[in-house]
1. Leaving out same-chain residues fewer than 8 places away, which aspartates and glutamates sit with a Cα under 16 Å from that of LYS276?
2. When the helices in the chain are scored as -39500 (n - 2.57) per DSSP H run of 4 or longer and the sum is shared across all residues, what 222 nm value do you end up with, to the nearest 500 deg cm²/dmol?
3. Where does the charge balance sit around VAL320 when Lys and Arg score +1, Asp and Glu -1, over other residues with C-beta under 10 Å from its C-beta?
4. For Rg and Dmax of the Cα atoms in Å, the listed values are (1) 23.5, 80; (2) 31.5, 98; (3) 28.0, 100; which was obtained by calculation from the structure presented?
5. How large is log10 of I(q)/I(0) for segment 3-57 at q = 0.18, 0.29, 0.31 Å⁻¹ when the intensity is taken from the Debye formula with one equal scatterer per alpha-carbon?
6. Considering only GLN156, GLN300, GLN90, give the residue with the highest GNM mean-square fluctuation for the chain, with springs between Cα atoms whenever their separation is below 10 Å.
7. Against the longest principal axis of the chain, how steep is helix 158-183, in degrees 0 to 90 to the nearest 10, with axes from Cα atoms?
8. Can you check what the net charge comes to around GLY93, using other residues whose Cβ is under 13 Å from the Cβ of GLY93 (Lys, Arg +1; Asp, Glu -1)?
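Derivation of every value follows stated rules applied to the coordinates shown; laboratory data play no part. Note that the coordinates shown come from a computational prediction; the quantities given were computed from them, not determined experimentally. With ideal geometry, Cβ positions are generated from the backbone for all residues, glycine too; neighbour counts draw on all protein chains shown.
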Amino acid sequence: MTIFVLPDIPTVYMLTGFSSLVGAGILIWLRRDHRESSPALTLFAAGILALGIGFLSFAAREAIAGWLAPLVGYSGFGVSAVLIWLGSRQLHGLPGTQGHSIVAGVALAGYLAALFAIREPTAAKAIARITLNGTFVVTFMGLAAWEAHRSRWLAQLRSVRLIRALLVLFCAIVAVRMVVFLVQGIPLHADGSAPPGVIRAFFAVVFGSMPFAITVSVLGISNSQLSTRLHQMATTDDLTGLVSRRSLQESANRLLGQAPESGCIALLMIDVDNFKSINDRHGHAIGDNVLRHVANVLRQSLRPDSLIVRYGGDEFCALVPVPGEAAAFVVAERLRATMEATPYRLDSQRIPVTLSIGVTVHRHGKTLRQLLDEADRRAYRAKADGRNRVVADDLPLAA
């Protein structure tokens, strides 16, 4: 016959407390490797630490007579809930942290004052503490789950969905525990502690797994965010925010492979006319602003599904879906005219900016390299024939 043995709850709390301390230490140690997430990791580390102190206080409840152990324990849980909420806001990049910190501080001060007011170790005050703590923790852990739910990373990162699930589960268990004590009328000892039982053991084990699970989830989110930022840095031009040349091959192949059955993909090689003279006359800082201005005009003038690339220096290229070969020239000519009509404004001064554009169209069997060479050759002819024009075949077509 199998005999079910309930786990020793103080031992579970003790192990949970020490594992929480380890989890907090790991977050503090690794925050230097995640500088952008460092404030969030610090808040989560402090929250996990407060949770660990709470568990250790309850583990030592029998050794500490009177009201001190439950007061410290429930205080640790409340502090942890507030810090995890603030950490969740930081981790998911949500604004307004300072104002929310003030609100959280006021709420926490009121919570701690109420705890101190009902600190006596009696069964009636224990029920009041359970109710107060459960309501407070569910509120702020629920807010932390809500921040994860509305995070811009939610659809992209499984670790965000995991921490949302963990926080929701934590809230559900705290709420169920509170309801069970209130509705079922579980008998309490004179000092307000609950006798051993299956329900209490279940809560202890589940609570015990939460601190480390949250720690792992937070690190998973930070690592995924870091990986995403590194990928963006590798594939995005720092100056203009356009696709970088180093990622052109991969992005272009994907676009060319999805070419529509009706229509084709036009490749535009775009040179900024007389850019060296702009740099020489106005300085490199203004030259950089002119390049950003050109990038904005490209974004606004070309289709949203176009691939626009900072090819290098004052050169850009764009792959644009078009209805046919004739439309490729029309698109390029419209872009040229828009740029000519949109000078860069420097205070009250206008700096004219024009483009020389070479155009080719993707045909079956042609590689990206061949398309780039052909479009580049035509852009060179456009510059040689007077600039501010579009060349779409072997003969230059004047603007």
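1. ASP288, ASP314, GLU315
2. -21500 deg cm²/dmol
3. Its environment carries a net charge of 0.
4. Correct label, based on the coordinates given: (2).
5. Log10 of I(q)/I(0), two decimals: -0.59, -0.99, -1.06.
6. Among GLN156, GLN300, GLN90, the largest GNM mean-square fluctuation belongs to GLN300.
7. 20 degrees
8. +2
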